[in-house]
Amino acid sequence: MAALTPIEAAAEMAALAQQIAHHDRLYHQKDAPEISDADYDALRNRYRALREQYPHLAPKDDPEQRVGAAPAAGFSKVMHSIAMLSLNNAFTDEDVEDFATRIRRFLQLQDDEALAFVAEPKIDGLSASLRYENGRLVQAATRGDGTVGENITANARTIQDVPQTLRAPYPDLLEIRGEIYLNREDFIALNTRREAEGEPLFANPRNAAAGSVRQLDPSITASRPLRFFGYALGQIGTNKLGSQNDIRDHIKRWGFALNEPSRLCRGVPELLAYYREMAASRYALPFDIDGVVYKINRLDWQERLGFISRAPRWAIAHKFPPEQAETRLNKIVIQVGRTGALTPVAELEPVTVGGVVVSRATLHNEDEIARKDIREGDIVRLQRAGDVIPQITSVDVSRRPTGSKAFVFPDHCPECGSRAEREEGMAVRRCEGGLICPSQAIERLRHFTSRLAFNIEGLGDQRIRELWEEKLIQSPADIFRLQRHRAMLEQREGWGEKSVAKLMQAIEARRTIALDKFIYALGIRQVGEATAKLLARHYKSFANWRACMMNAREEGSAAWNDLIAIEQIGTLVARDIARFFEEPHNTKALDDLAQELTIADYETPAADQESPLFGKTIVFTGTMEKMGRAEAKAKAEALGAHVSGSVSAKTNYVVVGADAGSKATKAKELGVTVLSEDEWLALAETGRNMQKTPNNR
Ligand code: IVH
């Protein structure tokens, strides 16, 4: 590392910070990590090492100063009264010794002064803070970035272990912090159900718990057997308690479950004995644990020790090493997900790792296979780090069968034969046959019939699934030929004459469709409602659009240049559109559909000119929370506004998101109208309502 120049170090740190932020978002907001915990730790360790040597080069978005990831959009935000922190990790006995030594030194304790810790299991779930006022639950929040979390009150109320009212006596104000988690059996049952329903599986109980809590619809949360235990206090409107054990006793008395078995340990040898016992008996517990946590028992000491950046000095998580095993990789199969992503999966000779029989492992993506040179027939080393789906860490090349060949990743979809392409800079290869690929069909049909697209009432998720499974609807055009099966449908359970008649009517009503809705319904990647409108506005008719898009398949052609010249359509979006048209399965499905429909030419709505945004110049600055910048711009342009990058006296509106900088200040100086994100959305909504024309709705 000494060989790095400052410029190289800064560049590497910035790149690492970006990757860490990306993986934090996947883990904390999407509950769908792409890399193993071990790979993530490796990124963080490399970053930490660089940062120690070059602290002055740390990028602005310094991962060491941040806990988790900012709260996801969709939930309102909650500011934590007292920050919610994370824990530092210990992996070896030595790390635990060092932890105790640091504490002794910090507190300047004599060698013979006893150091007592509360040791407890560490369940990998989702941490939450529950606020009780006068004994009633008033708010529940996730950790978020430690300072601001998501408001999950409605969801937390559905969790059995979370009392609505405290058991008396209690202080007027009380915040209980703890972990929302799933028992192992409940987790397996949940995944089994999801598999049967064709839903993607959760990688581990932590993701399942987090995914269940982060549901905008609390009835979904309620259907998951979530549990909660308390392990700490936040704000509390009463005299401080004396010890961590005292806190545990009180948490229990107020009506919460505790994480058991816990033990008061005096000194490091007792901690390590607890650790070994827990490691040996972890599978006898009803939930998965990934280590144990040690906390200094005396609260006055906890207070003196305080925090460094993201974690307390007075506590540490002692993690279990990931379990490993060796087995033969029999075959690499390619699965196609609902969004068309091709995922390689290893079929293994069954083997027990960490108490679970494993016969499959994810290989993540094409690059991962190449990087580790994983081949069919290889003896591979597996690791299960709390995850149900284990990782392949390495290949034993010395035992490779003779004549083995490097794995060639398919460039066509194994499900439908369409081309499978990689986007620039992306690891994932995707099937381009979105309209006909069976793995994507249900998702696409659902989008096609959804409210903002064809808006066909009476064709909900369940019916789409039923009709698709029975091969009555295979591609969107089939919806408009459903009439042929009318008599048969009327006989069906749960349908009946009346509801079939209604559905047929709803379908017929959409045989004429506005061009923008039609384009949106196709589900071309990155072509949302606003972009579809821009395209419709520009190309006017379906025939013209189709012809131009066929010509735009060639980058640099006149048609391509015309496409990217549309304000708000960049090369990445244009490429996705071109890819859609490159796939013959798609154009066939498109033409088939066009045969069934009357696609109305786009008419510039007369009301456009009355839109409050028509002809106005607007500048967006700061982070938008309800929609991305690109979408906001597209929306403004669709309403006839001109979007500019800089503020001048000619600017009519400046929309300021979070963390807006100099542009907001300049707007104020120039006396330009400044709008908050909500005000802008309201203005845009007024404009949209004016735009509604009969052929549009
Ligand atoms: S104490 C200020 N105790 O692990 C210290 N955390 O990796 C707050 N966790 O953010 C944490 N079991 O979500 C504590 N017995 C336990 C825990 C525990 C699981 C979680 C918690 C924390 C994360 C750190």
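Miscellaneous remarks
- Total residues in the range 303-315 satisfying the condition of being surrounded by fewer than 19 Cβ atoms within 10 Å (Cβ to Cβ) and not in a strand (DSSP E or B): the figure is 6.
- Which listed residue is farther than 30 Å from residue 511 by Cα, modelled with pLDDT of 80 or more and charged (D, E, K, R), from 650, 633, 626: 650
- Here residue 138 does not fit the description of being more than 14 Å from the ligand (Cβ to nearest atom), β-branched (Val, Ile, Thr) and in a helix (DSSP H, G or I).
- In the range 232-291, the residues that are crowded, with 19+ Cβ neighbours inside 10 Å and among the polar types (S, T, N, Q): 243, 244, 259, 262
- Selected residue (only one of 358, 336 is under 31 Å from the mean Cα position of the chain (by Cα), hydrophobic (A, V, I, L, M, F, W, C) and either within 16 Å of the ligand (Cβ to nearest atom) or modelled with pLDDT of 85 or more (or both)): 336
- Residue selected from the range 249-269 under the condition assigned to a helix (DSSP H, G or I) and touching a residue at least 24 places away in the same chain (Cβ under 8 Å), by the criterion farthest from residue 318 (Cα to Cα): 253
- Breaking point among (1) without any contact (Cβ under 8 Å) to a residue 40 or more places away in the chain; (2) more than 30 Å from residue 569 (Cβ to Cβ); (3) charged (D, E, K, R), for residue 553: (2)
- In the range 26-38, the residues that are surrounded by fewer than 18 Cβ atoms within 10 Å (Cβ to Cβ) and of a type in the set (Ser, Thr, Tyr) form no Cβ pair under 6 Å with any partner that is at pLDDT 75 or above and assigned to a helix (DSSP H, G or I), whether six or more places apart or across chains.
- The residues on offer are 290, 367, and the sole one that is in a strand (DSSP E or B) and touching a residue at least 24 places away in the same chain (Cβ under 8 Å) is 290.
- Residues considered: 83, 119. Of these, the only one that is within 13 Å of the ligand (Cβ to nearest atom), of a type in the set (A, V, I, L, M, F, W, C) and either modelled with pLDDT of 95 or more or touching a Phe, Trp or Tyr at 6+ places or on another chain (Cβ under 6 Å) (or both) is 119.
- Residue 209 falls short on exactly one of the conditions (1) within 16 Å of the ligand (Cβ to nearest atom); (2) free of Cβ contacts under 8 Å to residues at least 40 places away in the same chain, and that condition is (2).
- Qualifying residue in the range 104-112 (condition: within 16 Å of the ligand (Cβ to nearest atom) and of a type outside the set (S, T, N, Q)): no
- Test result for residue 433, surrounded by fewer than 16 Cβ atoms within 10 Å (Cβ to Cβ), small (Gly, Ala, Ser) and over 30 Å from residue 38 (Cα atoms): no
- Matching option when the condition is in contact (Cβ under 8 Å) with a residue 24 or more places away in the chain and within 13 Å of the ligand (Cβ to nearest atom), among 348, 305, 342, 329: 305
- Restricting the range 601-622 to residues that are within 25 Å of residue 676 (Cβ to Cβ) and exposed (fewer than 14 other Cβ atoms within 10 Å of the Cβ), the residue that is modelled with the highest pLDDT: 615
- In this entry, residue 155 passes the filter for residues that are away from the ligand (no atom under 16 Å from the Cβ), part of a helix (DSSP H, G or I), in contact (Cβ under 8 Å) with a residue 40 or more places away in the chain and under 20 Å from the mean Cα position of the chain (by Cα).
- Test: residue in the range 87-95 that is on the phi > 0 side of the Ramachandran plot and either at pLDDT below 95 or not polar (S, T, N, Q) (or both): no
- Scanning the range 225-272 for residues that are more than 14 Å from the ligand (Cβ to nearest atom), in contact with a Pro (Cβ under 8 Å, 6 or more places away or on another chain) and modelled with pLDDT of 95 or more yields 254, 255.
- Residues in the range 390-403 that are surrounded by 13 or more Cβ atoms within 10 Å (Cβ to Cβ) and touching a Gly at 6+ places or on another chain (Cβ under 9 Å): 390, 400.
- Enumeration of residues in the range 528-566 that are loosely packed, with under 14 Cβ neighbours inside 10 Å and at pLDDT below 90: 565
The values are calculated or read from the model by the stated rules, or taken from the named source; none is laboratory data. Since the structure is predicted, the reported quantities are computational estimates derived from the model, not experimental observations. Cβ coordinates were reconstructed from backbone atoms using ideal geometry, including for glycine residues, and neighbour counts include every protein chain displayed.
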